[in-house]
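Bear in mind these aren't lab numbers, they're just calculated from the coordinates by the rules spelled out. Treat the numbers as computed from the prediction; the structure is a model and nothing was measured. When we count neighbours, we look across all protein chains shown, and the Cβ atoms used for this are built from the backbone with ideal geometry, even at glycine.
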């Protein structure tokens, strides 16, 4: 079983998908990275979702950013959208993701914020997985120690 499925809309989204994948692996979360376009191959995406046992989905998409909504319409599992800056500074993608209609929610992180999507997915999983929770606590501790200045 895969805990998190990271789906990118095209190969041009791979860098963001790999950022999320690397952080999830660092946290010991099983994940996979797939390429499916909601526009160019919706049938293949639907088949993948029907067969998937992922607990959380991360969807990276730019422009019209239909991918997260497409996924959310076909699952009851949490979907986290990552808007990609392609045109309009990524605002087009951001607004497409956050303006989902009532009944088909998609969580949304900041533009190009794939690492935050990975952290949010891990936090969802940590609700029922003590190991993930401990690794998140340690991750935050390490981050805090890198950014805090020593007291004099």
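Details
- Rounded to the nearest 500, the 222 nm mean residue ellipticity of the chain from helices alone is -13500 deg cm²/dmol, with -39,500 (n - 2.57) taken per DSSP H run of at least 4 residues.
- R0 of 25 Å, Cβ-Cβ distance residue 44-residue 18: FRET efficiency to nearest 0.05: 0.75
- For segment 49-136, taking Cα atoms only, Rg and Dmax work out to 13.2, 41 Å respectively.
- Contact order normalised by residue count of the chain, Cα under 8 Å, 6+ apart, percent: 23
- The long axis of helix 114-126 is offset from the longest Cα principal axis of the chain by roughly 80 degrees.
- Angle in degrees between helix 42-51 and the longest Cα principal axis of the chain, rounded to the nearest 10: 50
- Distance (nanometres) between label positions extended 7 Å along Cα→Cβ at residue 137 and residue 30: 2.4
- Choice from 26, 18, 130 showing the highest fluctuation, given a GNM over the chain with Cα pairs closer than 10 Å: 130
- Here the Kirkwood formula, the inverse mean of 1/r across different C-alpha pairs, assigns the chain a hydrodynamic radius of 15.7 Å.
- Sites residue 85 and residue 130, calculated FRET efficiency, Cβ-Cβ separation with R0 35 Å, nearest 0.05: 0.45
- Global geometry of segment 1-69, whether rounded, prolate or oblate, following the gyration tensor of its Cα atoms and the 1.5 cut on a/c: oblate
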